[in-house]
Amino acid sequence: MSAPVHGEGRPGRWRDVEPYGVPGARRGARQATGLETGHGAGQETGQEAGREAWAGAGREAEQDAWQDPRPFLRGVAWLDKGRPVRADPADTMRLPWDTGERATLPIGVRLEFTTETARAVEIRYRATVPGPTDALRDLAHGFALWDRHGAVGEVFTEPAAEAVVRIGLGNGDGPFHGPFTIHPPENQSPLVLGLRGIGGTLSPAPPAPRWVVHGDSITEGWWSTRPAHGWPAVAGRSLGWDTVNLGYAGAARGELATAEQLAALPADVITLAFGTNCWSRVPFSAPLLYETTRAFLELVRQGHPRTPLLLVSPVLRPDAERTPNRLGATLGALRDAMERATRDRIAAGDDRLAVLPGRDLLGPEHLADGLHPNDSGHQVLGLAVATALRRAGFGGG
(Lines give C-alpha, C1' and ligand atoms only; values in the text may rest on other atoms or scores of the structure.)
Protein backbone atom coordinates (compact mmCIF):
# COMPACT_ATOMS: atom_id res chain seq x y z
CA MET A 1 0.00 0.00 0.00
CA SER A 2 1.34 3.44 -0.87
CA ALA A 3 0.09 6.53 0.92
CA PRO A 4 -0.27 9.75 -1.04
CA VAL A 5 2.63 12.17 -1.09
CA HIS A 6 1.89 15.81 -0.35
CA GLY A 7 3.73 18.61 -2.09
CA GLU A 8 7.25 19.81 -1.45
CA GLY A 9 7.72 22.97 0.61
CA ARG A 10 10.23 25.63 -0.39
CA PRO A 11 11.56 28.69 1.38
CA GLY A 12 9.34 31.73 1.13
CA ARG A 13 7.20 34.12 3.10
CA TRP A 14 5.30 32.77 6.05
CA ARG A 15 1.58 32.60 5.36
CA ASP A 16 -1.01 34.35 7.49
CA VAL A 17 -2.35 31.44 9.51
CA GLU A 18 -4.10 32.07 12.81
CA PRO A 19 -2.82 30.61 16.06
CA TYR A 20 -2.38 26.98 16.89
CA GLY A 21 -4.40 25.94 19.92
CA VAL A 22 -7.17 28.49 19.31
CA PRO A 23 -10.50 27.02 18.10
CA GLY A 24 -11.70 28.69 14.92
CA ALA A 25 -8.27 29.47 13.47
CA ARG A 26 -8.21 29.54 9.70
CA ARG A 27 -6.71 26.89 7.49
CA GLY A 28 -7.01 28.90 4.30
CA ALA A 29 -3.28 29.37 3.88
CA ARG A 30 -3.09 25.89 2.37
CA GLN A 31 -4.88 27.06 -0.73
CA ALA A 32 -2.30 29.82 -1.18
CA THR A 33 0.61 27.37 -1.35
CA GLY A 34 -0.34 25.65 -4.59
CA LEU A 35 0.62 22.31 -3.03
CA GLU A 36 -1.06 19.07 -3.93
CA THR A 37 -2.91 17.55 -0.97
CA GLY A 38 -4.78 14.32 -0.39
CA HIS A 39 -6.04 11.84 2.20
CA GLY A 40 -4.40 8.59 3.12
CA ALA A 41 -6.35 5.40 2.53
CA GLY A 42 -4.62 3.17 5.05
CA GLN A 43 -6.81 1.16 7.42
CA GLU A 44 -4.15 -0.59 9.53
CA THR A 45 -3.68 0.44 13.14
CA GLY A 46 -0.71 0.27 15.52
CA GLN A 47 3.03 0.54 15.20
CA GLU A 48 3.48 -2.87 13.60
CA ALA A 49 1.18 -2.05 10.72
CA GLY A 50 3.08 1.20 10.28
CA ARG A 51 6.40 -0.62 10.07
CA GLU A 52 4.97 -2.93 7.43
CA ALA A 53 3.94 0.16 5.49
CA TRP A 54 7.47 1.60 5.73
CA ALA A 55 8.92 -1.63 4.37
CA GLY A 56 6.48 -1.63 1.47
CA ALA A 57 7.21 1.99 0.61
CA GLY A 58 10.93 1.32 0.82
CA ARG A 59 10.64 -1.53 -1.69
CA GLU A 60 8.77 0.75 -4.08
CA ALA A 61 11.63 3.23 -4.07
CA GLU A 62 14.94 2.24 -5.63
CA GLN A 63 16.75 3.93 -2.77
CA ASP A 64 16.10 5.92 0.41
CA ALA A 65 14.52 3.31 2.69
CA TRP A 66 12.21 4.37 5.52
CA GLN A 67 13.98 4.94 8.83
CA ASP A 68 12.70 4.36 12.35
CA PRO A 69 11.65 7.82 13.65
CA ARG A 70 12.49 7.21 17.29
CA PRO A 71 16.18 8.23 17.15
CA PHE A 72 15.10 11.49 15.46
CA LEU A 73 12.37 12.50 17.93
CA ARG A 74 13.06 15.34 20.36
CA GLY A 75 10.93 16.89 23.09
CA VAL A 76 9.55 13.52 24.21
CA ALA A 77 8.64 13.17 27.89
CA TRP A 78 6.88 9.78 27.96
CA LEU A 79 5.67 7.20 25.43
CA ASP A 80 2.28 5.52 25.69
CA LYS A 81 2.19 2.49 23.37
CA GLY A 82 4.66 4.23 21.08
CA ARG A 83 2.86 7.60 21.04
CA PRO A 84 4.51 10.63 22.72
CA VAL A 85 2.48 11.96 25.65
CA ARG A 86 3.19 14.70 28.19
CA ALA A 87 2.12 13.09 31.45
CA ASP A 88 3.16 9.76 32.93
CA PRO A 89 0.71 7.23 31.43
CA ALA A 90 1.10 5.07 34.54
CA ASP A 91 -0.01 7.92 36.81
CA THR A 92 -2.90 9.64 35.05
CA MET A 93 -5.55 8.87 37.68
CA ARG A 94 -4.07 11.41 40.10
CA LEU A 95 -4.11 14.27 37.58
CA PRO A 96 -6.99 16.67 37.00
CA TRP A 97 -9.03 15.88 33.91
CA ASP A 98 -7.93 19.04 32.06
CA THR A 99 -4.25 18.23 32.62
CA GLY A 100 -4.69 14.70 31.32
CA GLU A 101 -6.59 15.96 28.29
CA ARG A 102 -3.90 18.45 27.26
CA ALA A 103 -1.13 15.94 27.94
CA THR A 104 -2.30 13.79 25.03
CA LEU A 105 -1.28 16.50 22.54
CA PRO A 106 2.37 16.17 21.40
CA ILE A 107 3.21 19.83 22.07
CA GLY A 108 6.87 20.50 21.32
CA VAL A 109 7.59 17.03 19.90
CA ARG A 110 9.65 17.37 16.73
CA LEU A 111 12.14 15.64 14.41
CA GLU A 112 15.79 16.72 14.27
CA PHE A 113 18.34 15.44 11.75
CA THR A 114 21.44 16.14 9.69
CA THR A 115 22.28 15.06 6.16
CA GLU A 116 25.20 15.24 3.73
CA THR A 117 23.36 14.79 0.44
CA ALA A 118 19.55 14.70 0.80
CA ARG A 119 17.62 17.40 -1.04
CA ALA A 120 14.29 16.66 0.66
CA VAL A 121 12.78 14.58 3.44
CA GLU A 122 9.60 12.53 3.46
CA ILE A 123 7.60 11.83 6.61
CA ARG A 124 5.06 9.05 6.84
CA TYR A 125 2.50 9.71 9.56
CA ARG A 126 -0.97 9.09 10.92
CA ALA A 127 -3.13 11.89 12.31
CA THR A 128 -6.56 12.35 13.80
CA VAL A 129 -9.04 13.48 11.14
CA PRO A 130 -11.36 16.06 12.76
CA GLY A 131 -15.07 15.44 12.45
CA PRO A 132 -17.47 18.01 11.00
CA THR A 133 -18.21 19.49 14.44
CA ASP A 134 -14.68 19.24 15.87
CA ALA A 135 -13.46 22.57 17.30
CA LEU A 136 -9.98 21.84 15.89
CA ARG A 137 -11.25 21.25 12.37
CA ASP A 138 -10.15 24.63 11.00
CA LEU A 139 -6.65 24.69 12.47
CA ALA A 140 -3.77 24.83 10.01
CA HIS A 141 -2.22 21.40 9.38
CA GLY A 142 1.33 22.34 8.52
CA PHE A 143 4.82 20.86 8.72
CA ALA A 144 7.46 23.57 9.33
CA LEU A 145 11.16 23.15 8.56
CA TRP A 146 13.79 25.12 10.48
CA ASP A 147 17.57 25.19 10.43
CA ARG A 148 20.00 27.01 12.69
CA HIS A 149 19.37 30.28 10.85
CA GLY A 150 15.58 30.25 11.12
CA ALA A 151 12.52 29.09 9.22
CA VAL A 152 13.24 27.41 5.88
CA GLY A 153 9.72 26.59 4.68
CA GLU A 154 6.52 24.76 5.44
CA VAL A 155 4.04 22.41 3.80
CA PHE A 156 0.29 22.53 4.47
CA THR A 157 -1.81 19.40 4.04
CA GLU A 158 -5.22 18.05 4.95
CA PRO A 159 -5.37 15.86 8.09
CA ALA A 160 -5.24 12.24 6.95
CA ALA A 161 -5.60 8.85 8.56
CA GLU A 162 -2.29 8.03 6.90
CA ALA A 163 -0.20 10.07 4.47
CA VAL A 164 3.30 11.03 3.38
CA VAL A 165 4.50 14.62 3.26
CA ARG A 166 7.60 15.76 1.36
CA ILE A 167 9.55 18.81 2.51
CA GLY A 168 12.35 20.37 0.48
CA LEU A 169 15.51 21.23 2.39
CA GLY A 170 16.31 24.41 0.48
CA ASN A 171 16.71 26.16 -2.86
CA GLY A 172 19.30 25.21 -5.45
CA ASP A 173 21.38 22.07 -5.60
CA GLY A 174 22.59 21.93 -2.01
CA PRO A 175 24.20 20.35 -0.17
CA PHE A 176 22.01 20.97 2.86
CA HIS A 177 23.73 19.70 5.99
CA GLY A 178 21.55 20.93 8.84
CA PRO A 179 20.94 20.29 11.59
CA PHE A 180 17.29 20.60 10.62
CA THR A 181 14.18 20.57 12.78
CA ILE A 182 10.70 19.66 11.55
CA HIS A 183 7.76 20.80 13.67
CA PRO A 184 4.65 18.70 12.84
CA PRO A 185 1.13 20.05 13.38
CA GLU A 186 0.27 19.41 17.03
CA ASN A 187 -3.50 19.53 17.38
CA GLN A 188 -4.18 16.54 15.13
CA SER A 189 -1.72 14.50 17.22
CA PRO A 190 0.32 13.10 14.32
CA LEU A 191 2.13 9.85 14.96
CA VAL A 192 5.29 9.69 12.85
CA LEU A 193 5.70 6.21 11.38
CA GLY A 194 8.90 6.76 9.43
CA LEU A 195 11.07 9.25 7.61
CA ARG A 196 13.56 9.09 4.77
CA GLY A 197 15.87 11.35 2.85
CA ILE A 198 15.33 11.95 -0.85
CA GLY A 199 18.66 11.86 -2.65
CA GLY A 200 20.62 10.96 0.46
CA THR A 201 20.48 9.55 3.98
CA LEU A 202 19.45 11.21 7.22
CA SER A 203 21.21 10.98 10.59
CA PRO A 204 19.74 11.92 13.98
CA ALA A 205 20.91 15.31 15.23
CA PRO A 206 23.44 15.15 18.07
CA PRO A 207 21.91 14.96 21.55
CA ALA A 208 21.47 18.22 23.43
CA PRO A 209 20.90 19.10 27.11
CA ARG A 210 17.35 18.18 28.11
CA TRP A 211 15.31 21.16 29.34
CA VAL A 212 11.95 20.33 30.94
CA VAL A 213 9.50 23.26 31.03
CA HIS A 214 6.23 23.12 33.00
CA GLY A 215 3.52 25.74 32.83
CA ASP A 216 0.04 26.62 31.59
CA SER A 217 -1.41 27.68 28.21
CA ILE A 218 1.26 30.36 27.80
CA THR A 219 3.94 27.68 28.05
CA GLU A 220 1.92 25.39 25.79
CA GLY A 221 2.16 28.16 23.21
CA TRP A 222 -1.34 29.58 22.89
CA TRP A 223 -1.72 32.42 20.38
CA SER A 224 1.62 31.71 18.76
CA THR A 225 1.01 31.13 15.08
CA ARG A 226 3.31 28.11 14.82
CA PRO A 227 4.58 25.45 17.24
CA ALA A 228 8.08 26.80 16.59
CA HIS A 229 7.04 30.27 17.79
CA GLY A 230 6.03 29.41 21.38
CA TRP A 231 8.39 30.82 23.99
CA PRO A 232 9.86 27.44 25.12
CA ALA A 233 10.77 26.69 21.48
CA VAL A 234 12.29 30.17 21.09
CA ALA A 235 14.38 29.80 24.25
CA GLY A 236 15.39 26.23 23.41
CA ARG A 237 16.72 27.29 20.01
CA SER A 238 18.63 30.17 21.59
CA LEU A 239 20.23 27.86 24.15
CA GLY A 240 20.73 24.88 21.86
CA TRP A 241 18.77 22.63 24.22
CA ASP A 242 16.23 19.83 23.78
CA THR A 243 13.04 21.48 25.03
CA VAL A 244 10.43 19.18 26.60
CA ASN A 245 7.18 21.17 26.78
CA LEU A 246 4.92 20.23 29.70
CA GLY A 247 2.59 23.20 29.35
CA TYR A 248 -1.07 22.36 30.05
CA ALA A 249 -3.63 24.89 28.87
CA GLY A 250 -6.20 25.71 31.54
CA ALA A 251 -4.28 23.74 34.16
CA ALA A 252 -0.83 24.01 35.81
CA ARG A 253 -2.10 25.13 39.21
CA GLY A 254 0.69 23.64 41.29
CA GLU A 255 -0.70 20.09 41.24
CA LEU A 256 1.58 18.05 43.47
CA ALA A 257 1.12 14.91 41.39
CA THR A 258 2.70 16.84 38.51
CA ALA A 259 5.61 17.80 40.78
CA GLU A 260 6.19 14.13 41.54
CA GLN A 261 6.13 13.28 37.83
CA LEU A 262 8.68 16.00 37.15
CA ALA A 263 10.85 14.61 39.93
CA ALA A 264 10.96 11.24 38.17
CA LEU A 265 11.57 12.64 34.68
CA PRO A 266 15.16 12.91 33.40
CA ALA A 267 16.20 16.55 33.05
CA ASP A 268 19.39 18.60 32.83
CA VAL A 269 17.54 21.87 33.53
CA ILE A 270 13.98 22.56 34.75
CA THR A 271 11.83 25.66 34.43
CA LEU A 272 8.49 26.21 36.19
CA ALA A 273 6.11 28.88 34.86
CA PHE A 274 2.67 28.39 36.40
CA GLY A 275 0.39 30.56 38.54
CA THR A 276 -1.92 32.49 36.22
CA ASN A 277 -4.68 29.89 36.50
CA CYS A 278 -4.45 30.12 40.29
CA TRP A 279 -6.11 33.54 40.05
CA SER A 280 -9.30 32.56 38.23
CA ARG A 281 -9.50 28.98 36.99
CA VAL A 282 -9.15 27.54 40.51
CA PRO A 283 -8.86 30.51 42.90
CA PHE A 284 -6.01 30.50 45.39
CA SER A 285 -5.28 32.83 48.26
CA ALA A 286 -1.77 34.22 48.50
CA PRO A 287 -0.87 32.10 51.58
CA LEU A 288 -2.17 28.98 49.82
CA LEU A 289 -0.06 29.61 46.72
CA TYR A 290 2.98 30.36 48.89
CA GLU A 291 2.71 26.96 50.57
CA THR A 292 1.82 25.23 47.28
CA THR A 293 4.94 26.64 45.66
CA ARG A 294 7.07 25.51 48.60
CA ALA A 295 5.61 22.01 48.44
CA PHE A 296 5.96 21.83 44.63
CA LEU A 297 9.63 22.80 44.79
CA GLU A 298 10.29 20.34 47.60
CA LEU A 299 8.80 17.43 45.63
CA VAL A 300 10.70 18.31 42.46
CA ARG A 301 13.90 18.57 44.48
CA GLN A 302 13.41 15.05 45.86
CA GLY A 303 14.10 13.75 42.35
CA HIS A 304 16.41 16.56 41.20
CA PRO A 305 18.37 17.74 44.23
CA ARG A 306 21.03 19.57 42.20
CA THR A 307 19.39 20.12 38.83
CA PRO A 308 19.37 23.83 37.85
CA LEU A 309 15.81 25.10 38.34
CA LEU A 310 14.34 28.44 37.31
CA LEU A 311 10.90 29.61 38.45
CA VAL A 312 9.22 32.22 36.25
CA SER A 313 6.37 33.99 38.04
CA PRO A 314 3.21 34.93 36.08
CA VAL A 315 3.60 37.46 33.28
CA LEU A 316 1.42 40.54 32.89
CA ARG A 317 -2.35 40.02 32.91
CA PRO A 318 -3.92 43.51 33.02
CA ASP A 319 -7.41 42.45 34.13
CA ALA A 320 -6.04 40.49 37.09
CA GLU A 321 -3.17 42.58 38.42
CA ARG A 322 -5.25 44.53 40.96
CA THR A 323 -8.54 42.66 40.82
CA PRO A 324 -9.25 40.32 43.77
CA ASN A 325 -10.35 36.80 42.94
CA ARG A 326 -12.98 34.93 44.95
CA LEU A 327 -10.50 34.42 47.78
CA GLY A 328 -9.42 38.05 47.79
CA ALA A 329 -6.07 37.62 46.02
CA THR A 330 -4.94 39.79 43.12
CA LEU A 331 -2.56 38.32 40.55
CA GLY A 332 0.04 40.72 41.90
CA ALA A 333 -0.31 39.17 45.37
CA LEU A 334 -0.15 35.65 43.97
CA ARG A 335 2.97 36.50 41.96
CA ASP A 336 4.60 37.92 45.08
CA ALA A 337 3.74 34.74 47.02
CA MET A 338 5.42 32.51 44.42
CA GLU A 339 8.52 34.69 44.29
CA ARG A 340 8.80 34.84 48.11
CA ALA A 341 8.47 31.06 48.40
CA THR A 342 11.27 30.60 45.88
CA ARG A 343 13.55 33.20 47.46
CA ASP A 344 12.97 31.72 50.90
CA ARG A 345 14.19 28.36 49.62
CA ILE A 346 17.22 30.01 48.02
CA ALA A 347 18.01 31.74 51.32
CA ALA A 348 17.78 28.37 53.05
CA GLY A 349 20.64 27.07 50.89
CA ASP A 350 19.27 25.97 47.49
CA ASP A 351 21.98 27.54 45.32
CA ARG A 352 20.79 25.78 42.14
CA LEU A 353 17.47 27.62 42.20
CA ALA A 354 16.65 31.03 40.68
CA VAL A 355 13.57 33.17 40.18
CA LEU A 356 12.66 35.37 37.20
CA PRO A 357 9.92 37.90 38.09
CA GLY A 358 7.39 37.82 35.28
CA ARG A 359 5.49 41.07 35.82
CA ASP A 360 7.64 43.33 33.64
CA LEU A 361 8.77 40.86 30.97
CA LEU A 362 5.87 41.70 28.63
CA GLY A 363 3.86 44.84 27.92
CA PRO A 364 0.24 45.12 26.80
CA GLU A 365 1.43 45.30 23.18
CA HIS A 366 2.78 41.75 23.52
CA LEU A 367 -0.59 40.24 24.46
CA ALA A 368 -2.93 38.91 21.79
CA ASP A 369 -6.02 38.73 24.00
CA GLY A 370 -5.04 40.38 27.26
CA LEU A 371 -3.64 37.09 28.58
CA HIS A 372 -1.70 35.08 25.99
CA PRO A 373 1.34 36.48 24.18
CA ASN A 374 1.31 37.06 20.44
CA ASP A 375 4.30 35.91 18.37
CA SER A 376 6.25 38.99 19.37
CA GLY A 377 5.44 38.37 23.03
CA HIS A 378 6.51 34.73 22.83
CA GLN A 379 9.79 35.86 21.23
CA VAL A 380 10.43 38.42 23.96
CA LEU A 381 9.53 35.98 26.73
CA GLY A 382 11.61 33.16 25.30
CA LEU A 383 14.72 35.30 24.98
CA ALA A 384 14.20 36.71 28.50
CA VAL A 385 14.07 33.19 29.94
CA ALA A 386 17.16 32.14 27.96
CA THR A 387 19.01 35.21 29.24
CA ALA A 388 17.97 34.48 32.85
CA LEU A 389 19.18 30.88 32.59
CA ARG A 390 22.55 32.02 31.23
CA ARG A 391 22.96 34.71 33.90
CA ALA A 392 22.20 32.18 36.62
CA GLY A 393 25.00 30.01 35.25
CA PHE A 394 22.58 27.17 34.47
CA GLY A 395 24.39 25.25 31.76
CA GLY A 396 22.64 22.24 30.31
CA GLY A 397 24.85 19.36 31.29
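Here is how the numbers come out for the structure above:
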{"quantity": "q = 0.12, 0.18, 0.21 Å⁻¹, the stretch 231-386: log10 I(q)/I(0) [Debye, one scatterer per Cα]", "calculated": "-0.49, -1.15, -1.52"}
{"quantity": "Between the stretch 99-115 and the stretch 293-321, the Cα center-to-center distance that results, in Å", "calculated": "22"}
{"quantity": "Relative contact order for the stretch 81-205, counting Cα pairs under 8 Å that sit 6 or more residues apart, in percent", "calculated": "40"}
{"quantity": "Long-range HN-HN contacts of ASP80 with modeled amide H, under 5 Å", "calculated": "VAL85"}
{"quantity": "Neighbour net charge for LEU309 - beta-carbon separation under 10 angstrom, K R +1, D E -1", "calculated": "+3"}
{"quantity": "Other-chain or far-sequence residues with amide H under 5 Å of ALA120's (modelled H)", "calculated": "LEU169, ILE198"}
{"quantity": "Neighbour net charge for PHE274 - beta-carbon separation under 10 angstrom, K R +1, D E -1", "calculated": "-1"}
{"quantity": "GLU116 paired with ALA295, simple spin-label distance in nm, labels 7 Å along Cα-to-beta-carbon", "calculated": "5.7"}
{"quantity": "Electrostatic dipole magnitude of the stretch 150-277 [Cβ: Lys, Arg +1; Asp, Glu -1; Cα centre; debye, to 20]", "calculated": "220"}
{"quantity": "The stretch 300-397 - accessible surface per residue (Å², probe 1.4 Å)", "calculated": "45"}
{"quantity": "Proximal charge balance of THR293 [Cβ under 10 Å; K/R count +1, D/E count -1]", "calculated": "-1"}
{"quantity": "Packing-based order for 216-225, 231-240, using average beta carbon neighbours within 10 Å, highest first", "calculated": "216-225, 231-240"}
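The values are calculated or read from the model by the stated rules, or taken from the named source; none is laboratory data. On a predicted model such as this, the values are computed, not experimentally measured, just so you know. Ideal geometry is used to build each Cβ from the backbone, glycine not excepted, and the neighbour counts take in all protein chains shown. The accessibility values were calculated without ligands, DNA or RNA, using every heavy atom of the protein model including side chains. Shrake-Rupley method; radii C 1.70, N 1.55, O 1.52, S 1.80 Å.
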